[in-house]
Amino acid sequence: LTVQADVATYPPEAFTGVTGLIASPPCPDFSTAGSGLGRAGESGWLVDVPRRWVETLRPEWVACEQVPGALPIWREHAHAYRELGYSTWCGILNSAGFGVPQTRKRAILLASQVGQVGPPAPTHAQDPKADLFGPGLKPWVTMADALGYAPAPWCLDRPATTLCGDPRVSPPGWRGRPEDYAPDGTYMGKRSGTDAIRLTIDEATVLQSFRPGYPWQGSRTSTFTQVGNAVPPLLAGHVLSAVTGVPLRALAVAS
């Protein structure tokens, strides 16, 4: 069942009996380059809608995502859920720790009525030999790794930052002008003809850990916005596995 509606006004009771609830409210009012208004922003108040749905539906498990600036609110929600009998965890996860070729950080809230919850175990580390989680971790996936570049060009030898808008990859240390940046801080400008690489939609799709050829819809600008606004499927899979107990390989994610 797919319903297109305003979640702020649609009655949650229509979904009574659901097993899980996933929520990813709009982030502009909480991002470091956004309005900074938080709940008082144009869409910031929507961050509290998931709590109303959880309190109404009482699903077995809950998974919520936002930018790091919203973590204090996730902690408020976690406290309320514990009062309802949920086990909860909330914190910041780095997408690169889960095989995503991106250092995108996200605030995650997990809650479960049927088991104890905690953060998903990372699979990758920037320096696996020195990582506190012990042996067996793989090194971060670079952009060159993900896109199949060998040898790696100077600008693709590391994970990307957050993707948004119509991104370009810039030289290390190059800051550009303020107007060259997207709202989330992703470099958008071009210092010269060779100093920045404009990503194609297919490349951005792969860097977001979606499968190649994922069927985005709309204009170039719209498709890049869809890519940038999405939660990386690899990160989402690990998060959902942690809260549901379902092995990652059994989850139907879009990677």
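The values are calculated or read from the model by the stated rules, or taken from the named source; none is laboratory data. A quick note: this is a predicted structure, and the numbers were derived from the prediction, not measured. Cβ sites come from the backbone with ideal geometry, for glycine too, and all protein chains shown count toward neighbours. Accessible surface areas use protein heavy atoms only, side chains included; no ligands, DNA or RNA. Shrake-Rupley method; radii C 1.70, N 1.55, O 1.52, S 1.80 Å.
Are any of the residues in the range 71-94 touching a residue at least 60 places away in the same chain (Cβ under 8 Å) and surrounded by 20 or more Cβ atoms within 10 Å (Cβ to Cβ)?
yes
Would the range 181-199 turn up any residue that is modelled with pLDDT under 90, in a helix (DSSP H, G or I) and more than 14 Å from the chain's Cα centre (by Cα)?
no
Here is a yes/no grid of residues against (1) modelled with pLDDT of 95 or more; (2) assigned to a loop (DSSP other than H, G, I, E, B); (3) touching a helix residue (DSSP H, G or I) at 6+ places or on another chain (Cβ under 8 Å); (4) surrounded by fewer than 16 Cβ atoms within 10 Å (Cβ to Cβ):
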position: Leu109; (1), (2), (3), (4): yes, no, yes, no
position: Gln116; (1), (2), (3), (4): yes, yes, no, yes
position: Lys129; (1), (2), (3), (4): no, no, no, yes
position: Leu132; (1), (2), (3), (4): no, yes, no, yes
position: Asp145; (1), (2), (3), (4): no, no, no, no
position: Tyr149; (1), (2), (3), (4): no, yes, yes, yes
position: Arg158; (1), (2), (3), (4): no, yes, yes, no
position: Thr162; (1), (2), (3), (4): no, yes, yes, no
position: Asp166; (1), (2), (3), (4): no, yes, yes, no
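Select from the range 134-143 the residues that are modelled with pLDDT of 65 or more and assigned to a loop (DSSP other than H, G, I, E, B) and list them in ascending order.
Selection gives Gly136, Leu137, Trp140, Val141, Thr142.
Check Arg58 against each of (1) under 25 Å from Asp29 (Cβ atoms); (2) touching a residue at least 40 places away in the same chain (Cβ under 8 Å); (3) of a type in the set (Lys, Arg) and name the one condition it does not meet.
So the condition that Arg58 fails would be (1).
Restricting to the range 202-235, give me the number of residues that are open to solvent by 30 Å² or more (accessible area, probe 1.4 Å), of a type outside the set (Ser, Thr, Tyr), assigned to a helix (DSSP H, G or I) and more than 15 Å from Val141 (Cβ to Cβ).
4
Go through the range 1-49 and give me each residue that's charged (D, E, K, R) and closer than 23 Å to Ala78 by Cβ.
Asp29, Arg39, Asp48 - these are the residues of the range 1-49 that are charged (D, E, K, R) and closer than 23 Å to Ala78 by Cβ.
All but one of (1) among the polar types (S, T, N, Q); (2) open to solvent by 70 Å² or more (accessible area, probe 1.4 Å); (3) more than 22 Å from Pro232 (Cα to Cα) hold for Thr56, so report the exception by its number.
(2)
Given the structure, is Arg104 open to solvent by 60 Å² or more (accessible area, probe 1.4 Å) and either touching a residue at least 40 places away in the same chain (Cβ under 8 Å) or touching a helix residue (DSSP H, G or I) at 6+ places or on another chain (Cβ under 9 Å) (or both)?
no
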